[in-house]
Amino acid sequence: MFLRIDKLQIEMPKPGKPDPNAAAAVQELLGGRFGEMSTLMNYMYQSFNFRGRDGLRQYYDLISNIATEELGHIELVAASINSLLNGPESEGDPATGAASFANTFKDVRNVHHHIVMGHGAMVANSMGQPWRGDYVFNSGNLVLDLLHNFFLENGARTHKLRVYELTDNPSARQMLGYLFVRGGVHAHAYALALEQLTGVEMKKMLPIPKIENVQLPESKKWEENGNHRRLYRFSPDDYKSVAAVWHGTAPDGSGPLEVVDGPPEGGKLAELDGAGDAFTPEYHPEEIFEMAQKLYRAAR
């Protein structure tokens with residue numbers, strides 16, 4: 001079972017105008033081969049199908065717990081995409097749903113954001129191709145699955161760095177800065193699990209690519225507050241055995257690795273403007289808002 005909290009894992013700045021090509025680039029990090037949909041579904045199915053759970057509890061707990069954090073990462077990337085597709089635009093008034101994005105979206109790379117999703121995130125890659133179930137790898141062999149997860153996290157980091165180079169949008173880069181650090185935690189955790197099981201010091205390969213997070217301004221602040229040392233435990237009472245894997249000293253020597261009970265503090269979700277030309281939430285949104293408010297008051 002999952003507990004849902006109506007927040008993002010971090011606060012993100014709201015862009016001043018739509019940036020659909022940046023949104024298309026970020027879309028790869030949601031539904032691409034190495035996107036957050038892939039990390040979530042790989043770890044989720046590995047946890048569903050885990051055999052010998054009682055005897056290998058710490059590895060089951062690790063995979064299950066990281067899968068839960070990935071749910072929040074999907075929401076964070078989707079929020080970044082939605083912010084990059086949001087108004088205001090010069091033509092019309094977003095407050096009344098009259099905003100026109102026609103000129104903004106006319107020559108962009110991924111017009112499905114406008115035509116299919118009404119200025120929303122897709123379960124697809126940067127070119128609009130749907131996420132695929134055969135991106136999920138679950139062999140049932142614990143070492144092989146952990147090795148794949150280590151590879152997946154580093155492939156994801158490589159793609160994030162390439163997207164970082166494609167946009168200077170502060171909303172996108174804020175999200176990327178945080179995920180560089182959290183993805184680094186996951187890669188490190190899988191490396192420690194593999195070291196326990198095989199004796200191979202996988203963590204010596206990190207980071208891949210060989211760019212330290214502190215070199216990126218948007219990641220540096222998360223490193224300085226110790227976020228790279230924390231593995232969050234997304235459960236009131238379960239998955240406590242992750243501490244049997246996540247312990248020791250951070251690679252940079254900044255302090256001990258720690259398991260934090262509960263999710264990060266988080267930040268508010270952005271309020272997305274109405275878009276009249278996409279009929280979202282309706283052509284005259286003030287009418288549907290009024291109707292919804294009347295029903296809400298009647299239900300109280």
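The values are calculated or read from the model by the stated rules, or taken from the named source; none is laboratory data. Fair warning: this is a prediction, and the values are worked out from it, not measured in the lab. Using ideal geometry, Cβ is built from the backbone for each residue, glycine included, and neighbour counts are taken over all protein chains shown.
Remarks
- Filter result for Tyr59 (over 20 Å from His119 (Cβ atoms) and buried (at least 23 other Cβ atoms within 10 Å of the Cβ)): yes
- Counted residues, region 248-263 - those being of a type outside the set (D, E, K, R), in contact (Cβ under 8 Å) with a residue 12 or more places away in the chain, under 13 Å from Arg229 (Cβ atoms) and in a loop (DSSP other than H, G, I, E, B): 6
- Residue check for Ser139: more than 30 Å from Pro217 (Cβ to Cβ) and in contact with an Asp or Glu (Cβ under 9 Å, 6 or more places away or on another chain): yes
- For Leu295, the test of being surrounded by fewer than 12 Cβ atoms within 10 Å (Cβ to Cβ) and either among the acidic types (Asp, Glu) or out of contact with any Cys (no Cβ under 6 Å at 6 or more places or on another chain) (or both) is passed.
- Residues located in region 217-247, provided they are among the hydroxyl-bearing types (Ser, Thr, Tyr) and in a strand (DSSP E or B): Tyr232
- Cβ-Cβ under 7 Å pairs, at least 6 apart or on other chains, region 166-190 side more than 13 Å from Glu70 (Cβ to Cβ), far side surrounded by fewer than 21 Cβ atoms within 10 Å (Cβ to Cβ) and acidic (Asp, Glu): Arg173/Glu218; Gln174/Glu218; Leu176/Glu218; Gly177/Glu218
- Scanning region 268-281 finds one or more residues that are surrounded by 11 or more Cβ atoms within 10 Å (Cβ to Cβ), closer than 27 Å to His112 by Cα, of a type in the set (D, E, K, R) and in contact with a helix residue (DSSP H, G or I) (Cβ under 8 Å, 6 or more places away or on another chain).
- Scanning region 159-190 for residues that are of a type in the set (A, V, I, L, M) and within 24 Å of Arg233 (Cβ to Cβ) yields Met175, Leu179, Val181, Val185, Ala187, Ala189.
- The criterion of at least 1 residues that are at pLDDT 95 or above and among the basic types (Lys, Arg) is met, among helices (runs of 4 or more DSSP H) falling completely within region 107-212, by 142-166, 170-198.
- Only one entry of Gly199, Gly226 meets the criterion of being on the phi > 0 side of the Ramachandran plot and without any contact (Cβ under 8 Å) to a residue 12 or more places away in the chain, and that entry is Gly199.
- Count of region 248-279 residues, restricted to those that are small (Gly, Ala, Ser) and under 19 Å from the mean Cα position of the chain (by Cα), is 4.
- Pairing each residue of region 278-299 that is more than 23 Å from Val111 (Cβ to Cβ) and at pLDDT below 85 with any residue that is surrounded by 14 or more Cβ atoms within 10 Å (Cβ to Cβ) and not hydrophobic (A, V, I, L, M, F, W, C), provided the two are 6+ apart or on different chains, yields C-beta distances under 7 Å for His284/Gly97; Ile288/Pro281; Ile288/Glu282.
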